[in-house]
1. Among the residues of segment A:276-288, count how many are surrounded by 13 or more Cβ atoms within 10 Å (Cβ to Cβ) and in a loop (DSSP other than H, G, I, E, B).
2. Out of the residues in segment A:173-212 that are in contact with a Leu (Cβ under 8 Å, 6 or more places away or on another chain), within 13 Å of another protein chain (Cβ to nearest Cβ) and outside any strand (DSSP E or B), state the one that is surrounded by the fewest Cβ atoms within 10 Å (Cβ to Cβ).
3. Consider residue B:80 carefully, then state whether it is more than 30 Å from residue A:150 (Cβ to Cβ), in a helix (DSSP H, G or I) and aliphatic (A, V, I, L, M).
4. Can you pull out the residues in segment B:114-145 that are among the β-branched types (Val, Ile, Thr) and under 24 Å from residue B:188 (Cβ atoms)?
5. Pick from A:217, A:252, A:256, A:225: which is within 24 Å of residue A:299 (Cα to Cα), within 13 Å of chain B (Cβ to nearest Cβ) and either touching a residue at least 24 places away in the same chain (Cβ under 8 Å) or in contact with a Lys or Arg (Cβ under 9 Å, 6 or more places away or on another chain) (or both)?
6. Under 8 Å by Cβ, and 6 or more places apart or on different chains, what pairs join a residue from segment A:50-65 that is at pLDDT 90 or above with one that is of a type in the set (S, T, N, Q) and crowded, with 19+ Cβ neighbours inside 10 Å?
7. For residue B:177, all conditions in the list (1) hydrophobic (A, V, I, L, M, F, W, C); (2) at pLDDT 90 or above; (3) touching a strand residue (DSSP E or B) at 6+ places or on another chain (Cβ under 9 Å) hold save one; what is the number of the exception?
8. Identify the residue in segment B:193-208 that is in contact with a helix residue (DSSP H, G or I) (Cβ under 8 Å, 6 or more places away or on another chain) and not in a strand (DSSP E or B) and, among all such residues, is nearest to residue B:9 (Cα to Cα).
Amino acid sequence: MSLRVNGLKVHYRTLRGDVQALDGVTFSLGDGEIMGLVGESGCGKSTLGKSLIRLDHRMHHIAGSIELNGRDVPIGDDAAMVPLRYHEISLIPQYAMSALNPTRRIGRMIDELLRSRGVRPADRADELRRRLELVGLGTDVLRRFPIELSGGMKQRVVMVVSTLLDPSLLIADEVTSALDVSTQRSVAESLVEFRDRGHVGSMVFVTHDVALVHQFADTIMVMYAGHVAEKGPAADVVSDPRHPYTQMLLSALPEAGEDTGERLRGIPGTPPGLLDPPTGCRFRDRCPMAFDKCAERPPLVETAPGHWSACWKTEGH
Amino acid sequence: MLELSHVHKVYRVGAFGGGRLRAVRDVGLTVEPGEVVSLIGESGSGKSTLGRMVLGLTRPTSGRIAFEGADVTAIKGFRAKKEYHRKVQGVFQDPFSSFNPIFKAERVLSMIRSSYFPGVSDADWRDRVTDSLRTVRLDPDAVLGKYPHQLSGGQLQRLLIARALLLDIRLLVADEVISMLDASTRIDVLNLLADLKERGLGILFVTHDLSLGTYVSDTTVILRKGAVAEKGPTRAVFADPRHPYSRHLLSCVPRLHRTWAEVDADLDRERPDPVVPPAPADEDGPVPMTEVGEGHFVGADQG
């Protein structure tokens, strides 16, 4: 197991109190596993992605631990995280398009970045060129300014830069959401290629698009209001979802080219506010299967090998 | 009801307006009452420009846009435009920026009253508002008196549709109305569009998402680089895409129950492969369309 997250709680400190964005998140990632992390806005998926690499000033680590390749990741200690960032854990940010310095040529920006991390740019120059070619970019992009590149090209440059030091864990936060469908596919396929060649260890791919992540991820984890609802092999989660939330979410998705003439149904209601969340299962108010026991928080239980679900109604409870 | 024929749009770009950018090239399409037409395209395909031209926010460079027989581009003057907008309304992508955050959300409704229905009594107006909120399945108590930040994106988007329904609209231009909504709520807005269609409204549904386009529309128009790549009945276009670009798009859409590899294999199977003629060099001239099935047209290859 390369990554183990145990009971992670991260809160946002606000003037009105703590927003409990992550409330006891537990999961693990195998070597080379690509995990799709899906959920609606405000479910804590981006917070989880960020928590694995850097907490910003509003985020507070309340409890729980993260372990990467058997070593503890000191997430609450910003200074102790510095040697791990980029070398061991790397991130492709949500707005990768604006992650590049507009006043530097791409090549110079990469050199500065590597030097700041104590790596001699010359040592990685060949590898950099090889990887740019792998994602379909010529080495001439190194002499260009970010403004000269299209959105898809910038996304690919950031992808190459983020993985240049072969991190064991890569966090990709909504990296394809701003791209056109055809670019989306090629970026997703490049990410898989990087994993296959060992340029990155395991990967957490944060997205709101289940259909996209099902195309290339090994496992899918579904989050709802700061809790893990379900985690399992990608094909199983899509074809045999165990948690009522996953079931309702999947049945609300229209499929391209398939017109059955039937009306799909959304999920009535809205997710609970996380400033003062309800106790027990957080999906309780919107769940058609809810009963008395849901006032108690259901634990995440393995219902089939590698398939975990947090619901009192799933088998195994 | 709405008819576009040979519509072109060329923007002047660059420091002195010397450069030319062709956003729309020879587009023709129609929207009938009770019909949903999806305009599907990637960024830069001209789909939003077309929506804006239909709403009268931008003028076409050449070509004709007719609504109920009258040329939309000939509408001049504040009063005539206002009359046009009584029948044709738009709802846009970002519901949060359509509202002024310092006023209550219902201000969008009261502004309709002050500019279109100044003579209506308070009681009568309240009934109309309640009526149109019920049509979009919003609970009046839950939304009236609230500020935009207290409502969800789906609620705001439905409130904007309710605003359009207060008028006597015949055509709704829905420009990426659901791309900012969450999966569990976007389907409700889509179902609402289907309800409106049953009431006889024509809807021009602009989107980049092919799966959403399939769900609601009767007719699909796939745009590429400003020109029509393929248009026809939704079922025909998705079951048997003839333009290489449409096939490429369909092969890239992530689907829930089929992988990319399966879709590729399916599209590679033997299919009639009509030769798509290259677009003529004359940029201002017409672009030929080939009819491959009933009402199913394939445009020229834009390279």
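1. Taking segment A:276-288 as the starting set, the residues that turn out to be surrounded by 13 or more Cβ atoms within 10 Å (Cβ to Cβ) are A:277-278, A:280-287.
Cutting the leftovers down to in a loop (DSSP other than H, G, I, E, B) gives us A:277-278, A:280-283, A:287.
Qualifying residue count, segment A:276-288: 7.
2. A:182
3. Values: more than 30 Å from residue A:150 (Cβ to Cβ): yes; in a helix (DSSP H, G or I): yes; aliphatic (A, V, I, L, M): yes.
When the stated conditions are applied, residue B:80 passes them.
4. Pass one, segment B:114-145, residues among the β-branched types (Val, Ile, Thr): B:120, B:129-130, B:135-136, B:143.
Residues satisfying the conditions are B:129, B:130, B:135, B:136, B:143.
5. Numbers: A:217 fails: within 24 Å of residue A:299 (Cα to Cα); A:252 fails: within 24 Å of residue A:299 (Cα to Cα); A:256 fails: within 24 Å of residue A:299 (Cα to Cα).
Unique residue meeting the criteria: A:225.
6. These pairs meet every condition: A:53/A:90; A:59/A:47; A:59/A:51; A:61/A:51.
7. Single failed check for residue B:177: (2).
8. First, the residues of segment B:193-208 that are in contact with a helix residue (DSSP H, G or I) (Cβ under 8 Å, 6 or more places away or on another chain): B:193-197, B:203-208.
Going one step further and asking which of them are not in a strand (DSSP E or B), we end up with B:193-197, B:208.
Numbers: B:193: 28, B:194: 30, B:195: 33, B:196: 30, B:197: 29, B:208: 20 Å.
My answer is B:208.
The values are calculated or read from the model by the stated rules, or taken from the named source; none is laboratory data. Owing to the predicted nature of the structure, the values given are computational and were not obtained by experimental measurement. For neighbour counting, all protein chains shown are included, and Cβ atoms are generated from backbone atoms with ideal geometry for every residue, glycine included.
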